[in-house]
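The values are calculated or read from the model by the stated rules, or taken from the named source; none is laboratory data. These numbers come from a predicted model, not from an experiment. Neighbour counts are summed over all protein chains in view; Cβ atoms, including those assigned to glycine, are modelled from backbone coordinates with ideal geometry.
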Amino acid sequence: MYKDHAGTMSFFGAFLPLVEESEHCEMVVCPSFLGLATAVTATRGTRIQIGAQNLHWAKEGAFTGEVSGPRIRASGCSHVIVGHSERREYFGETNHSVLKKTVTALDAGLIPIVCVGEREKKNAEAVLTEQFRCSLGALEDGQFARIVIAYEPVWAIGTGDTATPENAANAQDSSSL
């Protein structure tokens, strides 16, 4: 919940010149819902893609305050974050709801950025295995090929304890279990 319209415009004014020559990676920026239209406009004609920070699994209905995949896609977004650690912690999202949202995003033509990660280093393999099996294990091969997996070790967020390339490699190994 950062940046209003002016802040979003200022961000992209500074960011775009820094990355305009970049061709070695894909770039996706996920502002707050109120910044989506501004971000889509600011990045039109660039290689930067815009994503939403969340979506609801229903296409429409009596879900006050929620936003559906088709509405996100219609706003000009190509991606959406699913299962972020904050959504799991503060809003009670589960592996099951992450799966529902992932399928919904795919059905809406969005690329889900599915977050997985453990709270403590000591139980990484068990937690990641559970998240992969329950959040992503039901996806068909064609669906799985259209998602991005973001490794988000919760123990490293804002703690000064940085995840190493080895941590990420171990997380990747857990995903194949």
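Tabulated data
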quantity: Selection from region 66-85 of residues that are at negative phi, touching a strand residue (DSSP E or B) at 6+ places or on another chain (Cβ under 6 Å) and either without any contact (Cβ under 8 Å) to a residue 60 or more places away in the chain or of a type in the set (A, V, I, L, M) (or both); calculated: GLU66, SER68, ILE72, CYS77, SER78, VAL80, ILE81, VAL82
quantity: Sole exception among (1) at pLDDT below 95; (2) out of contact with any Leu (no Cβ under 7 Å at 6 or more places or on another chain) for TRP57, by number; calculated: (1)
quantity: Answer residue from region 103-125, given it is modelled with pLDDT of 95 or more and assigned to a helix (DSSP H, G or I) and is surrounded by the fewest Cβ atoms within 10 Å (Cβ to Cβ) among those; calculated: ASP107
quantity: Extreme residue, nearest to SER85 (Cα to Cα), among residues of region 30-49 that are hydrophobic (A, V, I, L, M, F, W, C) and touching a strand residue (DSSP E or B) at 6+ places or on another chain (Cβ under 6 Å); calculated: CYS30
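For (1) acidic (Asp, Glu); (2) touching a helix residue (DSSP H, G or I) at 6+ places or on another chain (Cβ under 9 Å); (3) closer than 24 Å to GLU152 by Cβ; (4) assigned to a loop (DSSP other than H, G, I, E, B), each residue gets a yes or a no:
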residue: LYS3; (1), (2), (3), (4): no, yes, yes, yes
residue: THR46; (1), (2), (3), (4): no, yes, no, yes
residue: GLY51; (1), (2), (3), (4): no, yes, yes, no
residue: GLY61; (1), (2), (3), (4): no, no, no, yes
residue: GLU66; (1), (2), (3), (4): yes, no, yes, yes
